[in-house]
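Throughout, read-outs are computed from the coordinates displayed, never taken from laboratory work. Small disclaimer: the values here were computed from a predicted structure and weren't measured. Cβ placement follows ideal geometry from the backbone for every residue including glycine, while neighbour counts extend to all protein chains displayed.
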Amino acid sequence: MITAFIMKIRGVVYNFGKQKLSTCPVKDDVTVFNRQVYYQKLGSQQDFDSKPNDWDDALPFEKIPGPKPLPIIGNTFRFLPYIGDFYGVDLKELQRRFYKQYGRIAILKDLKVAKNIVLLYSPEDIEKLHRNEGVWPHREVLNSFTYYRNILRKDIFQGIGGVATVQGEDWFNIRSKVNPILMQPRMAHQYIDKMDEVAEDLVKRMRQLANRNKNREMPPDFIKELNKWALEAAGLIALDRRLGCLDDLVPDSETQKLVDYVIEMFWLIYQFDVLPSLWKYISTPLWKRYITVLDYITLTFVKYIDETAKNIGDKLQNKAEYEMSILERLLKLDPRIAKATAIDTLTAGIDTTGKTTGAALYFLARNPKVQTKLREELCRVLPTKETPVTKEILAETPYLKAVIKETTRFCPIAIVNIRKTLKDLVLGGYQIPKGTIVHTANGVLSLEEEHFVKSKEFIPERWIRNGEKEISCKNTHPFVFLPFGYGPRACLGKRLANMEMEIVLARIIRNLFLEWPHADMKFTTTLVHGVGDPLKLRVTEVDK
């Protein structure tokens, strides 16, 4: 009763995932023009109440192996300091331990963050899960983040908190509108020239930093420079403007604070939505800090968006759609959607793209033969350092794309994909009831020898079409490697993020040699997975 009363006061009432879903076909004729209506009908007509044919032959849910919970406190104690055997253990390492101890399916029961979490380590089961998620898949939201946007600051977001905060038809109504804008290759290609300029600025910045050190090493906090590059690139897409992130910024400057606060935001979300937390019941100093950080990020980005919208003004009325930028098209569609999507693009792109690029640079420095082979490819398509990057040039860089894929195999930003089952399923030979939270442990599977030959070695050649058969991943199960998720809820920014990384890696490797004269990099996991040690790359100039 007390808990319910507190939750009511806090206003945390979520109505996500209540749509009844089914995969039954709709009899109406379907055309491109009524596709949205078709999917709305399909979603509303789906019924996932029937049990699968193999349900009665499966083992009961209670028999799924996993650490035994204690009465009342469940398994939450395992994550607490001093008494918990999981405390301080990296999440990817914890998932790996579960795989070795329990096999292809495991469960964490009785947690504060979720009643039960099932972990899948079988690509066949992962495929089955995704094939049965319906047209409106339910991916668990970040509750503290959703509460901030939909409750605390609903005056700013006006009912549109973004695709990451909603489920069901509400999610579909937003996603179906932004997909044609953010996922089109043509929309991404219009930013290549400007992104190339930003990449060139990062190379200049790296030269400056190298010249300040007698060993020509990047500073211990070089990952911050990559985060600033990522914000600068995201600003082109979300705001149609340069932010000046790669200048020599003073610590208290607005831009530097934005970068620092976004990184802190990811860490705080991890504290409230991944680790056990009482934020729903009591306000703590850490919670107040979280709101301060989110307010600064939100209000600063809203200011930028409003300035851009004001500059655009009435120009939209006389502009053909094919000439419009992503922000212009979003503003024309719905200013509320434009605001939420722009803020998501700016915040989500900093730590994720920055860390993946940092990992790629580390692997290239750590594997000089791979770096040399990539540079040879780049020198063919970029004969001089000044040759501009174009979409035609990017199309001729298969090894560059393979390097990025191999980086995300070794170091995926998201080590799991999360779904809530919308029907009863049999997974791993066990009954999985409707409404169960399931984590697919793709980050662990991608480093297993049964799926990738020489899985602990950085070998981009495995991704080259018609490459060496001995190392090819052509026959690897397609649901082992899902770095951007799967299906309708796959990452919206996949195309843009890949293009940003292709351009910046092309510029860096074409201009600079990278070395790694240190011990092996440690990778860590909080809300995202990535480099955990100082990224002290040693750089020298490429002659021509």
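Sort the following peptides by mean Cβ neighbour count (other Cβ atoms within 10 Å, averaged over residues), highest first: 438-447, 533-542.
438-447, 533-542
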Per the Cα gyration tensor, the range 132-285 corresponds to an equivalent ellipsoid with semi-axes, largest first in Å, of 34, 23, 14
Return the distance in nm (one decimal) between the two label points of a simple spin-label model at His477 and Leu152, each offset 7 Å from Cα along Cα→Cβ.
-> 4.0
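Could you work out the Rg to Rh ratio of the range 273-385, with Rh taken as the Kirkwood radius (inverse of the mean 1/r over all Cα pairs)?
Checking Rg against Rh, the ratio lands at 1.15.
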Work out how much length Leu70 to Glu376 would gain on full extension: take 0.36 nm times their residue separation and subtract the Cα-Cα distance, in nm to one decimal.
-> 104.3 nm
At q = 0.06, 0.12, 0.13 Å⁻¹, base-10 log of I(q)/I(0) for the chain (Debye sum, equal scatterers on each alpha carbon) | -0.30, -1.33, -1.56
So what is the diffusion coefficient of the range 415-457 in µm² per second by Stokes-Einstein at 37 °C and 0.692 mPa s, using a Kirkwood Rh over Cα pairs?
-> 274
Per-residue HN-Hα couplings for the range 239-255 [Karplus 6.51, -1.76, 1.60; θ = phi - 60°; Hz; x = Gly/Pro] = 10, 6, 7, 8, 9, x, 5, 8, 6, 6, 8, 7, x, 9, 5, 4, 5
Förster-model FRET efficiency, 56 Å R0, Leu249 and Lys115, C-beta, rounded to 0.05 | 0.80
The answer for Asn417, listing residues at least 5 apart or on another chain whose modeled amide H is closer than 5 Å to its amide H, is Thr440, Asn442
How many angstrom separate the Cα center of the range 140-177 from the Cα center of the range 462-492?
-> 31
Of Lys454/Lys544; Lys228/Lys391; Lys228/Lys454; Lys385/Lys454; Lys469/Lys544, which pairs sit farther than 32 Å apart, going by alpha carbon to alpha carbon?
-> Lys454/Lys544; Lys228/Lys454; Lys385/Lys454; Lys469/Lys544
Listed by chain and number, the residues whose amide H is under 5 Å from that of Ile107, excluding neighbours fewer than 5 places away on the same chain and using placed H, are Gly66, Leu119
Quick one: which of 512-522, 161-171 comes out on top by average Cβ neighbours within 10 Å, and what's the full order, highest first?
-> 161-171, 512-522
In deg cm²/dmol, rounded to 500, what helix-only [θ] at 222 nm does the chain give when every DSSP H run of at least 4 residues adds -39500 (n - 2.57) and the total is split over its residues?
-> -14500 deg cm²/dmol
Percentage, to the nearest whole number, of Cα pairs in the range 440-515 over 22 Å apart = 42
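Note the full-extension length gain between Ser176 and Asp520 as 0.36 nm times their separation in residues minus their Cα-Cα distance, in nm to one decimal.
That pair, Ser176 and Asp520, stretches by 119.5 nm at full extension.
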Mean Cβ count within 10 Å, highest first, over the residues of peptides 179-185, 399-405 | 399-405, 179-185
Derived scalar couplings ³J(HN,Hα) [the range 53-67; Karplus, 6.51 cos²θ - 1.76 cosθ + 1.60; whole Hz; x for Gly, Pro] | 4, 8, 4, 5, 8, 7, 6, x, 3, 5, 8, 4, x, x, x
If each of Leu316 and Thr540 carries a label point 7 Å out from its Cα toward its Cβ, how far apart are those two points in nm?
-> 5.3
Rounded FRET efficiency, nearest 0.05, which uses the C-beta distance separating Glu470 from Asp306 and R0 of 60 Å | 0.60
Residue-wise, which Karplus ³J(HN,Hα) couplings in Hz belong to the range 226-235, taking 6.51 cos²θ - 1.76 cosθ + 1.60, θ = phi - 60°, and x for glycine or proline?
-> 5, 5, 5, 4, 5, 5, 4, 5, 5, x
Three-way shape label, the range 70-220, alpha-carbon gyration tensor, a/c 1.5 | oblate
